[in-house]
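Below is one structure, written out as C-alpha cells; comments come after it.
The values are calculated or read from the model by the stated rules, or taken from the named source; none is laboratory data. For clarity, every value in this text was computed on a predicted model and none was experimentally measured. Every residue, glycine among them, receives a Cβ derived from its backbone with ideal geometry; neighbour counts consider all protein chains shown. Side chains included, ligands, DNA and RNA excluded: accessible areas come from the protein's heavy atoms. Shrake-Rupley method; radii C 1.70, N 1.55, O 1.52, S 1.80 Å.
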Amino acid sequence: MNILIVGSGAREHAIAAALHRSLQQTDIFCCGTSINPGIKQMAHHYWVGDIADVTAVTNGANEWHIDVAIIGPEAPLEKGLVDALWKMKVPTIGPKQTLAQIETSKGFARDLMQKYHIPGLPRYRTFHNMMGVETFLHELSEGNYVVKANGLMGGKGVKVAGDHLHSFAEAMVYCKEILDLGQAVVIEEKLVGQEFSLMCFCDGEHIVPMPIVQDYKRAYVDDKGPNTGGMGSYSDANHSLPFLTEHDVKYALRINTAVIRALSASSL
C-alpha cells in the first residue's frame, strides 16, 4: 500500500513512524515544506515544495499511485486538497474544505457554536473593517479581551490583553495590522483558567478521544514571551491532567460531540 503523508513536522513524523512499524507492508511517500530527516529515512519518496499547491500534490499522488493520503497541516485543508484527492478516488484522512473551516476560520468556529447552541462560547464579534472595533473592546472592558486573526497564522495570530496587548490603543493597532493583511478580526471575551486540548479522531459520525494535553506555546521560560507555532505539550500518566475532574473530561467530550453533529448538519 502506498501512503502519502502531507506535512513535514513532528506530527507527521509520528504518523510516519507508526506506519513504518505496521505489520502491513506500506510504502511511505511524503510532501513537505522542508526535509524532516526522521521522515526521509522512512520514506520511499520525499518531495519538498508548497504543500498548499493542490495541483502539485495531486500530480505527485497520481504519479506515485497513492492508495491512502493523510493530511497533517491546516494550509492544504484550507485550499481544498482533501476534496481534490477524493475526486481522484484517493481515500484521505482530513476534512474537506468546507468543514476544515472549523480550524482555518475562527469566525466560522464561533458562528457554528452560536448557531447550534454549543456550550463554552465566549462573547465575540467578527470585524471586516475598523467600524465598531473600539466600541466592542470597551464593552468587554480593559484587560478582558482577546484579538485574533480570523485565518491561519501559524499559531501566532492571537494576542491577549494583559499579556501581549496593554491598552485599547495597542489593540486597535493590532486589529488594523490584521485587516491590512486581508484577514478579518475576531475579538472575544478573555477566559481565565487552565487550558487543555481534547482532540479526537472522527469518521464523520463517531469520535474517539486522544489523550488530553496542555499546550505550551510561549517562546521563553516561565510561560513568557510571544506565542510560537507550538513549543510542546504534556499529558499525565492516566492520559488526563492533574487539574481535571472526570466531569470536566465528560463535559469536554460532550462539546466535541456537539461540534461533530453541528458540522454534519451544516454540510447537508
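Values for this structure:
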item: Check on Ile102, β-branched (Val, Ile, Thr), open to solvent by 90 Å² or more (accessible area, probe 1.4 Å) and either in contact (Cβ under 8 Å) with a residue 12 or more places away in the chain or over 20 Å from Thr257 (Cβ atoms) (or both); result: no
item: Candidate set from region 1-46 (those that are in a strand (DSSP E or B) and open to solvent by 70 Å² or more (accessible area, probe 1.4 Å)); member that is farthest from Leu81 (Cα to Cα); result: His44
item: Filter pass, Asp83 being open to solvent by 20 Å² or more (accessible area, probe 1.4 Å) and either farther than 18 Å from Leu152 by Cα or under 18 Å from the mean Cα position of the chain (by Cα) (or both); result: yes
item: Scan of region 156-199 for residues that are open to solvent by 50 Å² or more (accessible area, probe 1.4 Å), under 18 Å from Ile102 (Cα atoms) and in contact with a strand residue (DSSP E or B) (Cβ under 6 Å, 6 or more places away or on another chain), ordered by number; result: Lys156, Phe196
item: Qualifying residue in region 126-143 (condition: under 22 Å from Glu103 (Cβ atoms) and among the small types (Gly, Ala, Ser)); result: no
item: Flag if Val133 is within 15 Å of Ile178 (Cα to Cα), at pLDDT 95 or above and touching an Asp or Glu at 6+ places or on another chain (Cβ under 7 Å); result: no
item: Strands (runs of 3 or more DSSP E) contained entirely in region 203-268, each with at least 1 residues that are in contact with a Gly (Cβ under 8 Å, 6 or more places away or on another chain), open to solvent by less than 70 Å² (accessible area, probe 1.4 Å) and polar (S, T, N, Q); result: 224-234
item: Any hit, region 109-117, residues being touching a residue at least 40 places away in the same chain (Cβ under 8 Å), surrounded by 20 or more Cβ atoms within 10 Å (Cβ to Cβ) and within 23 Å of Glu12 (Cβ to Cβ); result: no
item: Matching residues, region 150-190, being among the charged types (D, E, K, R) and either closer than 18 Å to Asp111 by Cα or not in a strand (DSSP E or B) (or both); result: Lys156, Asp163, Glu170, Lys176, Glu177, Asp180, Glu188, Glu189, Lys190
